[in-house]
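This report concerns only the one structure given below.
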Amino acid sequence: MAGVTSATSKNNTLNLHSSGLAVEIVQYFQQLNFYLPSTLAMGGTMLTTDQVIHTREQPLATPPVCAKIGVFLDDGPDLADPTKNSIPATLHEGDITLMKINAMGNGGCFDLTVPAAPNNTVGGRPYTLSLVPPAPAVGTPADLVLHIGKNAEAGLVSDPTPGGWQVTPIGGGSGLTKNPADLIKISTTVPYSTTVATLADIMKIVSTDSVVTIYSDAGFTTNANATGVALSVGSGNHVYMAVTSEDGATTLYYDLTVTRSLALSTSAAAAVPTLGEWALMLLALAMLGMAGAGFKRRG
């Protein structure tokens, strides 16, 4: 896997959207972008290569201009189907090996600088980069490691998995207090079969590893973590929640409007005759047939 291989090598970019890949060599790239996909688990590896060489600009500058590392969630258009979005990795505090290198080669080097705020996070989590060991000798192995910190976000996001709850902002305030005017207002629609909004449902649409309390009342007094909030058909359902980020620095308050859809079976049941109705229709058809036969005889 190589960028431009010549005496001049600049601005060559490698974009990786899959985990568990293995290649023989990585060379002549000055920008390596890792888009973390759903197939990547914490502790996993994005790319394994036998060797890394010449990941610095050519001709050689002093000091060398080493390959920069970009880290992103893989939540853009799916490369296989651009009409859909990719499902990103679920991140937690811990490490991911971006590149496992069996042998560092000549000119293999990385710029481990993390972008300045607000671009120094991935999935709401601050991160750092390291090469382990820090200065590997030529011909020795090394790992390019992504270190992920605690989640600093206390947000609500749509569940990207098929059939997951989709949330839409509908206004409100800053979310910093329980005052009704300050609540962040969000809406979602669920199928008729969903009769209760449970804590497990809510945990799928909040920032990962948040601390969440759900309430059944606007005063935030009736804790519903154990029971959930019962849902009636229609749009009159409200789930109130307090969401604290994993790092404990931020708590936001929400008013989630849940619309429970009408039963699909209602119209279907009305359209399908009962056994009794079938019997009456068959009898009517038989009587029409007899009347028609009699009419022909009279003619």
Problem set entry | Local electrostatic count at Val26 - Lys and Arg +1, Asp and Glu -1, tallied over other residues with Cβ under 13 Å | 0
Problem set entry | Sequence-separation-based contact order of segment 115-186, relative, with Cα cut under 8 Å and 6+ spacing, percent | 20
Exercise. What is the order of Ile69, Ile101, fewest Cβ neighbours within 10 Å to most?
Worked result: Ile69, Ile101
Problem set entry | Check: segment 158-228 dipole with +1 on Lys, Arg Cβ and -1 on Asp, Glu Cβ, in debye | 80
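About the Cα centre, and with charges only on the beta carbon of Lys, Arg (+1) and Asp, Glu (-1), how big is the dipole of segment 1-134? Nearest 20 debye, please.
Working: 6 positive and 10 negative charges, 54 e Å.
Computed about the Cα centre, the dipole is about 260 debye.
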For this session: Could you please state, rounded to a whole Å, how far the C-alpha centre of segment 122-199 is from the C-alpha centre of segment 214-239?
Result: 23
Problem set entry | Cα pair distances in the chain, grouped into 5 Å bins until the bin that holds the longest one, percent each | 1, 5, 9, 11, 11, 10, 9, 8, 6, 6, 5, 5, 3, 2, 2, 2, 2, 1, 1, 1, 0, 0, 0
For this session: Counting other Cβ atoms within 10 Å, keep those with at most 15, restrict to DSSP loop, and tell me which trypsin sites (Lys or Arg not before Pro) in segment 64-135 are left.
Result: Lys84
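I'd like the antiparallel share, as a percent to the nearest 5, of DSSP beta bridges with both residues in the chain. All intermediate terms of the calculation are to be shown ahead of the outcome.
Numbers: 41 of 72 bridges.
Given both bridge residues lie in the chain, the antiparallel proportion sits at roughly 55 percent.
Quick check: net charge around Gly105, other residues with Cβ under 14 Å of its Cβ, Lys/Arg +1 and Asp/Glu -1?
-1
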Exercise. When N counts the residues of segment 13-148, how does its alpha-carbon radius of gyration compare numerically with 2.2 N^0.38 Å, as a ratio?
Worked result: 1.04
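With Cβ to Cβ distances under 9 Å as the rule, what net charge do the other residues near Ala152 carry (K, R +1; D, E -1)?
-1
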Exercise. Which stretch or stretches of segment 206-235 have amide N atoms under 11 Å from the point lying 7 Å from Ile170's Cα along the Cα→Cβ direction?
Worked result: 235
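Values in this text are rule-based calculations from the coordinates and carry no lab data. Since the structure is predicted, the reported quantities are computational estimates derived from the model, not experimental observations. Ideal geometry is used to build each Cβ from the backbone, glycine not excepted, and the neighbour counts take in all protein chains shown.
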